[in-house]
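The values are calculated or read from the model by the stated rules, or taken from the named source; none is laboratory data. All values reported here derive from a predicted model rather than from experimental measurement. All Cβ positions, glycine included, derive from the backbone under ideal geometry; neighbour counts span all protein chains shown. Please note that ligands, DNA and RNA were not included when accessible areas were found on the heavy atoms of the full protein model with its side chains. Shrake-Rupley method; radii C 1.70, N 1.55, O 1.52, S 1.80 Å.
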Amino acid sequence: AHTGTYLLFRKQLVEMRKDAALSQAQLAKMLGKPPSYVAKYELGERRLDVVELCIILKCLAEDPYIFLQRIFEDAPDTLP
């Protein structure tokens, strides 16, 4: 089962992709991956490692530090 923080993490990635006006297929093409790659991490069927996350955020023109800061400020189950 995924934690509330991981659910928030996935939700933020989906929202950022949509805010960038990109389909899953368009983002996957930018990443050099099949469309299923984006679908699987957005649905929680596949977890991302930190390197993959940074590459995705770069494609979305997002700062990794700010992204993570937002996640952990809003996360329901993080450490104090």
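General observations
- Extension gain from Val51 to Met30, taking 0.36 nm per residue of separation minus the Cα-Cα distance: 6.0 nm
- Cα pair distances exceeding 14 angstrom across the chain, given as percent: 62 percent
- Spin-label pair Glu15/Glu73, simplified geometry with 7 Å Cα→Cβ offset, distance in nm: 1.2 nm
- Carbon and sulfur %, accessible surface of the chain computed with the full protein complex present, 1.4 Å: 59 percent
- q = 0.20, 0.22, 0.29 Å⁻¹, the stretch 1-45: log10 I(q)/I(0) [Debye, one scatterer per Cα]: -0.61, -0.72, -1.03
- For the chain, the solvent-accessible area works out to 64 Å² per residue, with a probe of 1.4 Å and every protein chain left in place.
- For the chain, the longest principal axis of the alpha carbon atoms and the long axis of helix 64-74 meet at an angle near 40°.
- Net length gained if the chain between Ser23 and Glu42 were fully extended (0.36 nm per residue, minus Cα distance): 5.6 nm
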